[in-house]
Number of protein chains: 2
Amino acid sequence: MEGNAANRCAHRPRARRDKEPKQQERKARNTSTNKKRKHPDAAAAAATAGAPSAPAAELVPRHYTVSIAVAGSIVLNAQSPELRTYLIGEIARAAAIFQVDEIVVFADASGAGASYNWGDPNLFFGRLLQYIETPQYLRKAIFPHHSDLRFAGLLNPLDAPHHPRAHEQMVYREGVTVDTPASISGGSLVNVGLRNYIHLDRRLKPGVRVTVKMTSAASSSGSSRKYQASPQQEMEGVAVSPEAPRETHGLYWGYTTRLAKSLTEVFAGSPYKEGYDLTVGTSERGHQSIDDEDFALPAFRHLLVVFGGVAGLEACVEAAEDLDLPAGKTHTLFDKWLNVCPDQGSRTIRTEEAVPITMARLRPFIVKSGRREK
Amino acid sequence: MEGNAANRCAHRPRARRDKEPKQQERKARNTSTNKKRKHPDAAAAAATAGAPSAPAAELVPRHYTVSIAVAGSIVLNAQSPELRTYLIGEIARAAAIFQVDEIVVFADASGAGASYNWGDPNLFFGRLLQYIETPQYLRKAIFPHHSDLRFAGLLNPLDAPHHPRAHEQMVYREGVTVDTPASISGGSLVNVGLRNYIHLDRRLKPGVRVTVKMTSAASSSGSSRKYQASPQQEMEGVAVSPEAPRETHGLYWGYTTRLAKSLTEVFAGSPYKEGYDLTVGTSERGHQSIDDEDFALPAFRHLLVVFGGVAGLEACVEAAEDLDLPAGKTHTLFDKWLNVCPDQGSRTIRTEEAVPITMARLRPFIVKSGRREK
């Protein structure tokens, strides 16, 4: 049963959808001389349909991905259900700030299998991550009431581009199919958080989360009409891959959540056909320091950065039954075994602190080495 | 009354103390070829008296300082007293991780003067920062019961070198003078968290926090005797400046807390004779990005990094009555007006997130440009 639950938790429930047609891709690249970068908000606005002044040059399609993996047991270190919830919110926020595409929660010895009076820490972690990632207007349709979500009101909003503000015109929107039949024959209706449902060309089961590319709004390009303005009109859209906003417009479009039964499964269960091609393990005992003058990341397509639990990654390895590896050899699991915070003034860095600190330090290297081409 | 309370809150209560005699300074510098840096824990251990294998080469005296200033109003953004407390703990932890020497809490329009049913947000902020910075064994003697400390149990420990673990042999220890008369005539007794009080050569009022350099332990150098071993013996120490551990051994020795009535007072009230000689304002609208290839910090002695409130530093300036400056000119207050998180995937970065992210990105520049010489 736990396995089933884990599977349910492991992906956003999504319909199969067409890949974004290539000819629609705006091949806009940032000019390297343009030093003042725009806020993604601006980039998001630029990707709106019918915005005549859209500075297309700001949009950089991104074909690489960044994943992070964290030990699920860290929630056990929080002192109350409220703080447990808050801690997960902090990890989610750090992931969004640094445009992380996948968060993997792995069971480590201190969390896996143990029974807590409040449930399974990894499931709790995964469910909350998914909840936070879901735009507010979809939560009711996607998440049934659950005790894990009891303190979800304390979470700080993700405020990512796929959580659009009211009346914000976006080319893409996250939606959920509804069971109202479409007035136009065929297809289905999707709630994308606007007053009107969007009419999709394809028939999908109700209750499925889907990324929608707005087409009718795009066709009225140049007009300043708001989506909300004509309640009687049924707007058109097509279901696209959730990767489309990133791959065509460089928009950060949230993260997927994956539960891994062990550290080994973090690597083996990669959702990318070719697996992760660059893996970084973080440790204060890392062989390399990010301050080293010659530190760099090799070119990559799918980066994975792994964070340990309260006692570090070595302890996760030590306790892993499926891994016949002494703790001292933990570094052999990774391409890079990295200390991202040399000369730390505290003896300990908590995982929820390590994630933003690490991603902040790695960011310039990621931007430099992530393969942008398809 | 509020002013008095603010003053009480503004400094650690400390006795005047002798500067560390220069000849005792270990002039040990890191060799540049040694790439694997030791954890400060190791550095702290190295600074212990009588540790025969102390790798003195790891100790780099530090003569520059780093201050951060944050808008006190950010605590108003937390949703419960527990989270308000936790948020301040996060700022304190980030400060310790990045060896921040001073935290200034400034009153901005949204916080200053307003009355909340739970008290003054800036005082609350300052009191908690001080509480967290104080080693646990001194808290009872220094902090009377106060409703602001109600949820202090939720705070994660600072775990900095001046919060020694039991039996850890340190050259320096934080202590508080007790009102037991010393058995040796003259001087006073100090509780430094060991079984025995330390005998200081000078007479100090009881209840004063003081940084103690252990001398009797140092004189028995080479022996493996633990401080606790001889309960009948009164150990000797001298009161030193709280800067001594940093200036002589490069040990991070906590932060001081200062309350400023306005943004202007952040600059004007610098505890350093010569003021701050490098000021950085942080904003997503910063003129410079930390990703710029030519970004660098000029050489400095006293760095100040300023963080705004919920609506950014511009809003603090806009609302500041003593500053006749339009928000658009906020950058003129700083030597650098910096965006430390370009291409952020969330529209907003909360101040408690901005502090660790900013300090992580600035750290290599700080280490490079901070003046080490006296």
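The values are calculated or read from the model by the stated rules, or taken from the named source; none is laboratory data. Given the structure is predicted, the values throughout are model-derived calculations rather than measurements. As a convention, Cβ positions derive from the backbone with ideal geometry for all residues, glycine included, and neighbour counts pool all protein chains shown. The area values use the complete protein model at the heavy-atom level, side chains included, leaving out ligands, DNA and RNA. Shrake-Rupley method; radii C 1.70, N 1.55, O 1.52, S 1.80 Å.
Mind telling me which of the residues A:THR248, A:THR211, A:THR257 ends up being closer than 30 Å to A:ARG371 by Cα, under 26 Å from the mean Cα position of the chain (by Cα) and at pLDDT below 95?
Numbers: A:THR211 fails: at pLDDT below 95; A:THR257 fails: at pLDDT below 95.
Unique residue meeting the criteria: A:THR248.
Residues are listed down the side, and each one gets a yes or a no for (1) out of contact with any Cys (no Cβ under 7 Å at 6 or more places or on another chain); (2) farther than 21 Å from A:ALA315 by Cα; (3) assigned to a helix (DSSP H, G or I); (4) in contact (Cβ under 8 Å) with a residue 12 or more places away in the chain:
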residue: A:SER73; (1), (2), (3), (4): yes, no, yes, yes
residue: A:GLU82; (1), (2), (3), (4): yes, yes, yes, yes
residue: A:ALA95; (1), (2), (3), (4): yes, yes, yes, yes
residue: A:ILE103; (1), (2), (3), (4): yes, no, no, yes
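Which of (1) surrounded by fewer than 12 Cβ atoms within 10 Å (Cβ to Cβ); (2) at pLDDT 90 or above does A:LEU149 not meet, given it meets every other one?
Condition (1) is where A:LEU149 drops out.
Right, B:GLU314: acidic (Asp, Glu) and under 23 Å from A:ASN156 (Cα atoms) or not? Walk me through how you get there before you give the answer.
Details: acidic (Asp, Glu): yes; under 23 Å from A:ASN156 (Cα atoms): yes.
Criteria met by B:GLU314.
What residue, among those in the stretch A:264-311 that are of a type in the set (Val, Ile, Thr) and out of contact with any Asp or Glu (no Cβ under 6 Å at 6 or more places or on another chain), is nearest to A:SER67 (Cα to Cα)? Write out each step before concluding.
Filtering the stretch A:264-311 down to residues of a type in the set (Val, Ile, Thr) leaves A:264, A:266, A:279-280, A:282, A:290, A:305-306, A:310.
Pick out the ones that are also out of contact with any Asp or Glu (no Cβ under 6 Å at 6 or more places or on another chain) and you get A:266, A:280, A:282, A:290, A:305-306, A:310.
Values: A:VAL266: 10, A:VAL280: 10, A:THR282: 14, A:ILE290: 19, A:VAL305: 6, A:VAL306: 9, A:VAL310: 20 Å.
Ranking the qualifying residues of the stretch A:264-311, first place goes to A:VAL305.
When the residues of the stretch A:333-374 are narrowed to those that are of a type in the set (Asp, Glu) and not in a helix (DSSP H, G or I), which ends up least open to solvent (accessible area, probe 1.4 Å)?
At the first step, the residues of the stretch A:333-374 found to be of a type in the set (Asp, Glu) are A:335, A:343, A:352-353, A:373.
Those left that are additionally not in a helix (DSSP H, G or I): A:335, A:343, A:373.
On the way: A:ASP335: 95, A:ASP343: 46, A:GLU373: 90 Å².
Per the stated criteria, the residue is A:ASP343.
Has the stretch B:336-358 got at least one residue that is in contact (Cβ under 8 Å) with a residue 24 or more places away in the chain and more than 14 Å from every other protein chain (Cβ to nearest Cβ)? If you could, list the steps in order and put the result at the bottom.
Here is the first cut: in the stretch B:336-358, the ones in contact (Cβ under 8 Å) with a residue 24 or more places away in the chain are B:336-342, B:344, B:349-352, B:354-356, B:358.
When the remaining residues are screened for being more than 14 Å from every other protein chain (Cβ to nearest Cβ), the result is B:336.
Yes, that holds for at least one residue.
For the stretch B:162-205, what are the residues that are under 19 Å from B:GLN130 (Cα atoms) and either assigned to a strand (DSSP E or B) or open to solvent by 50 Å² or more (accessible area, probe 1.4 Å) (or both)?
B:ARG173, B:GLU174, B:GLY175, B:VAL176, B:THR177, B:ASN191
Identify, from the list B:ARG173, B:ARG150, the residue that is under 30 Å from B:ALA311 (Cβ atoms) and of a type in the set (Lys, Arg).
Details: B:ARG173 fails: under 30 Å from B:ALA311 (Cβ atoms).
Testing whether each residue is under 30 Å from B:ALA311 (Cβ atoms) and of a type in the set (Lys, Arg) leaves just B:ARG150.
All but one of (1) within 14 Å of chain A (Cβ to nearest Cβ); (2) open to solvent by less than 10 Å² (accessible area, probe 1.4 Å); (3) within 18 Å of the chain's Cα centre (by Cα); (4) not basic (Lys, Arg) hold for B:LEU83, so report the exception by its number.
Going through (1) within 14 Å of chain A (Cβ to nearest Cβ); (2) open to solvent by less than 10 Å² (accessible area, probe 1.4 Å); (3) within 18 Å of the chain's Cα centre (by Cα); (4) not basic (Lys, Arg) one by one, B:LEU83 breaks only (3).
Which numbered condition trips up A:CYS316, out of (1) within 12 Å of another protein chain (Cβ to nearest Cβ); (2) within 26 Å of the chain's Cα centre (by Cα); (3) of a type outside the set (Ser, Thr, Tyr); (4) crowded, with 19+ Cβ neighbours inside 10 Å?
Result: A:CYS316 fails condition (1) only.
Pick from the stretch B:248-296 the residues that are within 14 Å of chain A (Cβ to nearest Cβ) and either touching a Phe, Trp or Tyr at 6+ places or on another chain (Cβ under 6 Å) or not in a loop (DSSP other than H, G, I, E, B) (or both): which of them is nearest to A:PHE365 (Cα to Cα)? Steps first, please.
Restricting attention to the stretch B:248-296, the residues satisfying the condition of being within 14 Å of chain A (Cβ to nearest Cβ) are B:249-255, B:282-295.
Checking the rest, the ones that are also either touching a Phe, Trp or Tyr at 6+ places or on another chain (Cβ under 6 Å) or not in a loop (DSSP other than H, G, I, E, B) (or both) come to B:249, B:282, B:286-289.
On the way: B:HIS249: 33, B:THR282: 22, B:GLY286: 21, B:HIS287: 22, B:GLN288: 19, B:SER289: 15 Å.
Ranking the qualifying residues of the stretch B:248-296, first place goes to B:SER289.
Among the residues of the stretch A:120-146, what is the count of those that are surrounded by 21 or more Cβ atoms within 10 Å (Cβ to Cβ) and over 17 Å from A:GLU102 (Cβ atoms)?
Going through the stretch A:120-146 one residue at a time, the tally reaches 4.
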